[in-house]
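Report on the following structure.
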Amino acid sequence: MVDEDLRIRHDLLGRPVEAGHETSSVDVAIVGGGITGLGAAHALRAGDPTLRITVFEGAPAVGGKLRTIDFAGQRIDTGPDGFVVRGDAVTTLCEQLGLDTDLVSPCGGAPGIVYDGRLRRIPPGIMGGLATRPLSVARSGMLPWHGLLRAALDVVAPSHAPDRDVSVGSLVRRRLGDATADRIVQPLLGGIHCADIDAMSARMCAPQLLAALATGRGLVRGARATKTAGPPPRFLTLRGGMSRLVDGLVAAMPDVRLRTDDAVVGVLPHRHGWEVVGRRTSVHARALIVCAPPRDAAALLDHVRDTVAHNLGCIESTSVGIVLLTYGRNSFDEVPQSSGFIVSPQERTLLTACTWVSAKWPHLGTGEHVIARCSTGRSGDARAAALDDAELIDRVDGELRRLAGIRGGAVQARVVRWTHSMPQFRPGHGRLVEAVRETLPSSIVLAGAGYDGTGIHACIEHGRSAATSVLEQLQEATKMAESA
Ligand SMILES: Cc1cc2nc3c(=O)[nH]c(=O)nc-3n(C[C@H](O)[C@H](O)[C@H](O)COP(=O)(O)OP(=O)(O)OC[C@H]3O[C@@H](n4cnc5c(N)ncnc54)[C@H](O)[C@@H]3O)c2cc1C
């Protein structure tokens, strides 16, 4: 590309573009090489092996939040450490990639909840974040007697699903009272999204509660009535870590061009579609799939439609951090057997959850140390993000030792930070994303955790459906060109 062209792009986008920039033509450009983007590329490849596809990734490696590191002599996940099996999207992909024989189920006992300074067992019968067996809840000591009585009103008050999106907190507080909301639903459902249930969209994060209410029988009886037949969904991981899924996808599509360290700085209209301008290279693409998180997508789509950038900018994400700690087995009176625990926000600790890695996963329990994977950061609490690594380790180590009764400090420690990583789905999120999609030209497809829901399983499905939509559009365009 000549210098003049480079200057024009530089000025137009108002962002730096490196000299020596090359431009090529492809059928589909994908922005973001996380599991959604790689899943989309894989599905496009399967749908039409002749397509020319480029994936732009701003980081030095693809994978996004799927990252496995060496720690304490093991391969430890610092992002997702497994996935819920809801349909067959992930397991089928693992089969296609030859990874199915390395899928592993957890072996640790049920996790607990820390409330009122004490670690308590989660009562049996939890369904979609709700405790559905009143007697078990009563026995667990999770709720005070007035909280139990208040929750019982759910059985007598008639129910119906609200006709607009409301917060999970407002639903649960109205039906079951504040004690259930704060002590059970906040840690269990809010914990998954690092979110405050009073600001969390019921449609996005807890459709099972809406389905329960729609039965007219209240939340608890409705949850039992709408429970799908069969065992609850399984949680699985990959021996060797979740980044093997990323390595498998990359190996399965050698002819897809992966442009790492090449963040897309903007998208400009072009004669045959879009000019996707990366920091180091550009492509002219017939279609574009944007799998970057909303705040990044907002920045790169501001030249396509300004309302898109504004609306995407309204989707916030919370920063979280993982603190890995190891302890000698003799530091415990009893080595942990459960998979871990969640900490209620009312405890005000930096520690929001702990996974006893060596108890949860059979293949990681063989070392001489107990490995704890501690989570920090939640919506409205940025204290952990403000500390440096040494301070954060010190604080989390202290909190964990107090809660779990560990003697002596951690032997090894590592911090991995995930800045603006957990999308916060406020009530009305679905409508906001719908408005963005209605405004975007059909040849730009948005996909990923920040738009339609988080989790590996969901993201693989988002990537697949983005690929299907692009394949249909390209086929349609080819047919029209042939008939013209
Ligand atoms: C600590 C943690 C624990 C989790 N645990 C679980 C779990 O146990 N199970 C589960 O199912 N899910 C879990 N999740 C959620 C899950 O990891 C995510 O929902 C999923 O990985 C998101 O994938 P994605 O591809 O949509 O986004 P990302 O993984 O965020 O990928 C987006 C990619 O886009 C790139 N990018 C951004 N801007 C640009 C640009 N301008 N140009 C080029 N590239 C760009 C980014 O660098 C990134 O690689 C967890 C998440 C975190 C943070």
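The values are calculated or read from the model by the stated rules, or taken from the named source; none is laboratory data. Note that the coordinates shown come from a computational prediction; the quantities given were computed from them, not determined experimentally. Counting neighbours? That spans all protein chains shown, and the Cβs are built from the backbone with ideal geometry, glycine included.
Exactly one condition in (1) in contact with a Pro (Cβ under 7 Å, 6 or more places away or on another chain); (2) under 25 Å from G63 (Cα atoms) is not met by I322; state its number.
With respect to (1) in contact with a Pro (Cβ under 7 Å, 6 or more places away or on another chain); (2) under 25 Å from G63 (Cα atoms), I322 is out only on (1).
Tell me the residue from P269, P233 that is under 24 Å from I456 (Cα atoms) and either touching a residue at least 12 places away in the same chain (Cβ under 8 Å) or touching a strand residue (DSSP E or B) at 6+ places or on another chain (Cβ under 9 Å) (or both), please.
Just a single option satisfies the conditions, and that option is P233.
Among the candidates I113, I126, which residue alone is outside the structural domain of L400 (by TED's automatic domain parsing), of a type in the set (A, V, I, L, M), modelled with pLDDT of 90 or more and under 27 Å from T318 (Cα atoms)?
So the residue among I113, I126 that is outside the structural domain of L400 (by TED's automatic domain parsing), of a type in the set (A, V, I, L, M), modelled with pLDDT of 90 or more and under 27 Å from T318 (Cα atoms) is I113.
Table: residues versus (1) within 22 Å of G32 (Cβ to Cβ); (2) part of a helix (DSSP H, G or I); (3) not assigned by TED's automatic domain parsing to the domain that holds V357.
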residue: T50; (1), (2), (3): no, no, yes
residue: T54; (1), (2), (3): yes, no, yes
residue: A59; (1), (2), (3): yes, no, yes
residue: D70; (1), (2), (3): no, no, yes
residue: I76; (1), (2), (3): no, no, yes
residue: L93; (1), (2), (3): yes, yes, yes
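Check F71 against each of (1) within 22 Å of the chain's Cα centre (by Cα); (2) within 30 Å of S344 (Cα to Cα); (3) modelled with pLDDT of 95 or more and name the one condition it does not meet.
It is condition (1) that F71 fails.
Pick from G39, G64: which is at pLDDT 95 or above, near the ligand (Cβ under 9 Å from one of its atoms) and assigned to a helix (DSSP H, G or I)?
Of the residues listed, the single one that is at pLDDT 95 or above, near the ligand (Cβ under 9 Å from one of its atoms) and assigned to a helix (DSSP H, G or I) is G39.
From the residues in the stretch 408-452 that are near the ligand (Cβ under 8 Å from one of its atoms) and of a type in the set (G, A, S), which one is surrounded by the fewest Cβ atoms within 10 Å (Cβ to Cβ)?
Among residues in the stretch 408-452 that are near the ligand (Cβ under 8 Å from one of its atoms) and of a type in the set (G, A, S), the one surrounded by the fewest Cβ atoms within 10 Å (Cβ to Cβ) is S421.
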